[in-house]
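Following: one structure in structure tokens, then a few remarks.
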Amino acid sequence: MTLRNELQKAIETMSFELHYQPQIDARSGAVIGSEALLRWPHAERGMISPMQFIPVAEDTGQIIPISQWVLDTACRHNRQLLDQGLARGAVSVNISAVHFLRSNFVETVRRALDNSALPAHLLELEITESVLLKNAERAIELLHELRALGVGLALDDFGTGYSSLSYLKDLPIDKVKIDRSFVHELISDRRDAAITQGIISMAHHLDLMVVAEGVETAEQADFLSRNQCDAFQGYLYARAMPFAELERYLQQAR
Ligand code: G
Ligand code: G
Ligand code: MN
Ligand code: NA
């Protein structure tokens, strides 16, 4: 069966899972949020990575029901944490450019918040520079509407796209996430160190918060802390985990 047909079956039964990776405040070590990461457990093929099936789903339009489910589920889960006294900031959801640029995206977000009764500031949307490539004017307009709703907005995989830096000053966003490809060789490659320092400095001058992704070693965390990075995400702290495990993790975390 083709991946497309298998995806169709998975959508009909919604047999996906959301896993969550905590984000850690650089100064206090406290958990300040978590990123929702989509998982497709497949009977024969094991876990299929979103890197394999998201591009297919974007081509076929199947991304829309999947992405809607991700938004709804992430909001519902964070509401559940809130009710248990376990919520630590926003849940971050990765948004595909295809979904983002659809006509009723803002309405979809509003509905997910309404259905879950999640306060808007406890949801964050991660978009990539690819939305700007597709339609920058419309993307900026949408970001303003979303900001008016009160949800957080982060630019993901920052530094890996091809968008012009001139857009950055026009984006009503709160946060940039330094791509893990820069963090990976931070200690051994002074060029990656220079780029990382530059991103942090530029972001702060634009009043944006900076999260580093893919932090795997204490040396990387030290370097990032010394250079005023605000928050970390990576295997040094925690891998993405199922929701039930996140609940246990938060019960023990600060
Ligand atoms: O954790 P992981 O290997 O699964 O993530 C691989 C890639 O898939 C990352 O680029 C991540 O942003 C993307 N991704 C993970 N979950 C989602 C999702 O729910 N929607 C979209 N559009 N992308 C996702
Ligand atoms: O593109 P996006 O930033 O949404 O992708 C997040 C991806 O990074 C997911 O695949 C997630 O599993 C992965 N990831 C999270 N922490 C680490 C880490 O410390 N090291 C590596 N190599 N990957 C990580
Ligand atoms: Mn992301
Ligand atoms: Na990223």
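The values are calculated or read from the model by the stated rules, or taken from the named source; none is laboratory data. It should be emphasised that the depicted structure is a prediction, and the values quoted were computed from it without experimental measurement. Please note: Cβ atoms are built from the backbone with ideal geometry, for glycine as well, and neighbour counts cover all protein chains shown.
Name the residue, out of Ala36, Ala57, that is over 20 Å from Val91 (Cβ atoms) and modelled with pLDDT of 95 or more.
None of the other options fit; the residue is Ala57.
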Inset, instruction - Give the residues of segment 202-229 that are away from ligand 3 (no atom under 16 Å from the Cβ), in a loop (DSSP other than H, G, I, E, B) and farther than 21 Å from Tyr167 by Cβ, sorted by residue number. - result: Glu216, Thr217, Asn227, Gln228, Cys229
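Could you check segment 1-35 and list, in sequence order, the residues that are among the polar types (S, T, N, Q) and not in a helix (DSSP H, G or I)?
Once the filter is applied, which keeps residues that are among the polar types (S, T, N, Q) and not in a helix (DSSP H, G or I), segment 1-35 yields Thr2, Thr13, Ser15, Gln21, Gln23, Ser28, Ser34.
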Inset, instruction - Would you list the helices (runs of 4 or more DSSP H) that sit entirely within segment 97-201 and hold 1 or more residues that are of a type in the set (Phe, Trp, Tyr), under 29 Å from Thr217 (Cβ atoms) and within 16 Å of ligand 2 (Cβ to nearest atom)? - result: 180-184
Inset, instruction - Scan segment 61-115 for residues that are of a type in the set (D, E, K, R) and either crowded, with 18+ Cβ neighbours inside 10 Å or within 16 Å of ligand 1 (Cβ to nearest atom) (or both) and report the count. - result: 5
Inset, instruction - Starting from segment 147-165, take each residue that is more than 15 Å from Phe100 (Cα to Cα) and in contact (Cβ under 8 Å) with a residue 40 or more places away in the chain and list its partners that are within 12 Å of ligand 3 (Cβ to nearest atom) and in a strand (DSSP E or B), counting only C-beta distances under 6 angstrom and pairs at least six apart or across chains. - result: Phe158/Val176; Phe158/Lys177; Phe158/Ile178
Legend entry - Extreme residue, surrounded by the most Cβ atoms within 10 Å (Cβ to Cβ), among residues of segment 182-214 that are touching a helix residue (DSSP H, G or I) at 6+ places or on another chain (Cβ under 8 Å) and small (Gly, Ala, Ser): Ala212
Inset, instruction - Hey, can you tell me all the residues within segment 143-192 that are hydrophobic (A, V, I, L, M, F, W, C) and within 13 Å of ligand 3 (Cβ to nearest atom)? - result: Leu153, Ala154, Leu155, Phe158, Val176, Ile178
Legend entry - Candidates Glu6, Glu17, Glu58 - the one that is in contact with a strand residue (DSSP E or B) (Cβ under 9 Å, 6 or more places away or on another chain) and buried (at least 16 other Cβ atoms within 10 Å of the Cβ): Glu6
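Kindly indicate whether any position in segment 134-150 is in contact with a His (Cβ under 9 Å, 6 or more places away or on another chain) and not basic (Lys, Arg).
Scanning segment 134-150, I find at least one residue that is in contact with a His (Cβ under 9 Å, 6 or more places away or on another chain) and not basic (Lys, Arg), so the answer is yes.
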Inset, instruction - Residue by residue through segment 146-174, note down the ones that are of a type outside the set (Asp, Glu) and within 14 Å of Glu126 (Cβ to Cβ). - result: Leu146, Val151, Gly152, Leu153, Ala154, Leu155, Phe158, Thr160, Gly161, Leu171, Ile173
Legend entry - Output for segment 124-141, where each listed residue is in contact (Cβ under 8 Å) with a residue 24 or more places away in the chain and farther than 27 Å from Ser181 by Cβ: Arg138
Legend entry - Failed condition for Arg88, given (1) in a loop (DSSP other than H, G, I, E, B); (2) more than 30 Å from Gln252 (Cα to Cα): (2)
Inset, instruction - Answer yes or no: is there a residue in segment 82-90 that is away from ligand 4 (no atom under 16 Å from the Cβ) and either hydroxyl-bearing (Ser, Thr, Tyr) or under 23 Å from Gln8 (Cα atoms) (or both). - result: no
